[in-house]
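J.: Just dropping this structure here.
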Amino acid sequence: MKDMLESIARDAKAALELATTKQELENIRVKYLGKKGELTAVLKQMGKLSPEERPVMGQLANEVRSAIEALVEATDEKIKKEELIKKLKEEKLDVTMPGKKSALGHKHPLNIVLDEVKDIFLGMGFDIATGPEIEWDYYNFEALNIPKDHPARDTQDTFYITENMLLRTQTSPVQIRVMEKQAPPIRVISPGRVFRSDAVDATHSPLFHQIEGLVVDKGITMGDLKGTLEAFAKRLYGENTKIRLRPHHFPFTEPSCEIDVTCFKCGGKGCPMCKGEGFIEILGAGMVHPKVLKACGVDPEVYSGYAFGVGLERLVMFRFDIDDMRLLYENDMRFLGQF
Ligand code: PHE
């Protein structure tokens, strides 16, 4: 039996030295150490030994088993290393091969102008606020002094989710959300997507973008509104830009105005772009209505504020001389590649 055990140890060692793959290694392990393997077969014959011989052979058998197990483990390590080296050799890179050029993207024209507008207002001490695109009727209309049967709702028909929940038609609800959360002084702009049930044409889209502005503090006047928006227009369209305020009506501001800037095509002389006016309308604005302040828990006897809303698409179209709004949404690379 001693001879048999020694020969198993020798054979196993020789076989393991030749093994080069995991599969070969596994076969050898099963052949010598497995339940039906050679070592087990020898151990089964232990019963035939004399009581004196049994412990001696038992110990030898255990030594042989541990020796083979250690060798199997070492061989496993060796094979893993060799496989790694082989893999690394096969995957060698030829760094002298010419590379594939990947096209680098750039900002969409809407984002180019939006980022500029944000920079201008951040520079004047404004924060950026956001609000949900799915809005409650209360925030989009009611709290902005547009009750259920107000005619202003007709011009802002939208997509209703339930009777009280809709896709917001303007960024003005963010005014309410900010005032509910934050006590004056408030100075924020709020850019975002808005929705209206409008048919698509060169100047309309059911989805477009507005940038709302809101300032509330003690002693805020129309003069602050004018000065701030004049500074904004000059930064965006150049130092020679002038602005013009025209009286207008919005339910949530009183007094209200629309603000025009000098036509960037003709510089104010009058041309087809500005329809001979010399000016182009870019935004709506006004002093926040006392009712709106009150609805948000702000005392109109102590505080006053102004608000404005700019259409981002209009700013972009004027800025880049784009005559059809649809181009901004079509993802046509021939168009987008120009900016
Ligand atoms: N929300 C208004 C609109 O969509 C624009 C506006 C905003 C006017 C803020 C005044 C003050 O027409």
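The values are calculated or read from the model by the stated rules, or taken from the named source; none is laboratory data. From a predicted model like this one, the values you see are computed outputs, not experimental measurements. Every residue, glycine as well, gets a Cβ built from its backbone with ideal geometry; the counts of neighbours run over all protein chains shown.
J.: Filter the stretch 58-83 down to the residues that are more than 14 Å from Ala9 (Cα to Cα) and among the aliphatic types (A, V, I, L, M) and list them by number.
T.: Passing the criteria: Ala74, Ile79.
J.: Let me ask another. Which of the residues spanning the stretch 254-299 are within 16 Å of the ligand (Cβ to nearest atom) and surrounded by fewer than 16 Cβ atoms within 10 Å (Cβ to Cβ)?
T.: Answer for the stretch 254-299, where residues must be within 16 Å of the ligand (Cβ to nearest atom) and surrounded by fewer than 16 Cβ atoms within 10 Å (Cβ to Cβ): Glu254, Pro255, Lys291.
J.: A further question on this structure: What are the residue pairs meeting all of these: first residue in the stretch 301-313, first residue farther than 23 Å from Phe208 by Cβ, second residue crowded, with 24+ Cβ neighbours inside 10 Å, Cβ atoms under 6 Å, and 6 or more apart or on different chains?
T.: That search, which allows pairs on different chains as well, returns Tyr303/Val216; Gly305/Val216; Gly305/Val288.
J.: If the requirement is being β-branched (Val, Ile, Thr), away from the ligand (no atom under 11 Å from the Cβ) and crowded, with 16+ Cβ neighbours inside 10 Å, which of these qualifies: Val188, Val174, Val194? Walk me through how you get there before you give the answer.
T.: Details: Val174 fails: away from the ligand (no atom under 11 Å from the Cβ); Val194 fails: away from the ligand (no atom under 11 Å from the Cβ).
Val188 is the lone residue from the list that is β-branched (Val, Ile, Thr), away from the ligand (no atom under 11 Å from the Cβ) and crowded, with 16+ Cβ neighbours inside 10 Å.
J.: Let me ask something additional. Would you list the helices (runs of 4 or more DSSP H) that sit entirely within the stretch 96-191 and hold 1 or more residues that are among the charged types (D, E, K, R) and farther than 21 Å from Glu313 by Cβ?
T.: Numbers: elements: 109-123, 137-140, 152-155, 173-181.
In the stretch 96-191, 137-140, 152-155, 173-181 are the helices (runs of 4 or more DSSP H) which contain 1 or more residues that are among the charged types (D, E, K, R) and farther than 21 Å from Glu313 by Cβ.
J.: Look at Ala183 and say whether it is more than 14 Å from the ligand (Cβ to nearest atom) and aliphatic (A, V, I, L, M). Break it down into steps so the answer makes sense when it comes.
T.: Values: more than 14 Å from the ligand (Cβ to nearest atom): yes; aliphatic (A, V, I, L, M): yes.
Here the answer is yes, as Ala183 does meet what is asked.
J.: Out of the helices (runs of 4 or more DSSP H) lying entirely within the stretch 1-70, which hold 1 or more residues that are touching a Lys or Arg at 6+ places or on another chain (Cβ under 7 Å) and over 28 Å from Leu84 (Cα atoms)? Spell out the reasoning first.
T.: Values: elements: 2-18, 22-33, 38-44.
Hits in the stretch 1-70: 38-44.
J.: Scan the strands (runs of 3 or more DSSP E) fully inside the stretch 194-285 and keep the ones with 2 or more residues being in contact (Cβ under 8 Å) with a residue 12 or more places away in the chain, over 22 Å from Leu114 (Cβ atoms) and touching a His at 6+ places or on another chain (Cβ under 7 Å).
T.: On the way: elements: 207-217, 243-250, 253-262.
Strands (runs of 3 or more DSSP E) meeting the threshold: 253-262.
J.: If you take the residues in the stretch 300-310 that are crowded, with 18+ Cβ neighbours inside 10 Å and of a type in the set (A, V, I, L, M, F, W, C), which one is farthest from the ligand (Cβ to nearest atom)?
T.: As a first pass, look at the stretch 300-310 and keep what is crowded, with 18+ Cβ neighbours inside 10 Å: 303-310.
Those left that are additionally of a type in the set (A, V, I, L, M, F, W, C): 307-308, 310.
Values: Ala307: 4, Phe308: 5, Val310: 8 Å.
Per the criteria, the residue is Val310.
J.: What number of residues within the stretch 33-56 are of a type in the set (S, T, N, Q), more than 19 Å from Leu16 (Cβ to Cβ) and surrounded by 10 or more Cβ atoms within 10 Å (Cβ to Cβ)? If you could, list the steps in order and put the result at the bottom.
T.: Initial filter on the stretch 33-56 (of a type in the set (S, T, N, Q)): 40, 45, 50.
Imposing the further condition that a residue be more than 19 Å from Leu16 (Cβ to Cβ) reduces the set to 45, 50.
Narrowing the set further to residues that are surrounded by 10 or more Cβ atoms within 10 Å (Cβ to Cβ) leaves 45.
Total meeting the criteria: 1.
J.: Are any residues in the stretch 214-230 surrounded by 15 or more Cβ atoms within 10 Å (Cβ to Cβ) and under 30 Å from Lys269 (Cβ atoms), and if so, which ones?
T.: Within the stretch 214-230, Met222, Leu225, Lys226, Thr228, Leu229, Glu230 meet the criteria.
J.: Scan the stretch 256-293 residue by residue and report those that are small (Gly, Ala, Ser), in contact with an Asp or Glu (Cβ under 9 Å, 6 or more places away or on another chain) and at pLDDT 95 or above.
T.: Once the filter is applied, which keeps residues that are small (Gly, Ala, Ser), in contact with an Asp or Glu (Cβ under 9 Å, 6 or more places away or on another chain) and at pLDDT 95 or above, the stretch 256-293 yields Gly284, Ala285, Gly286.
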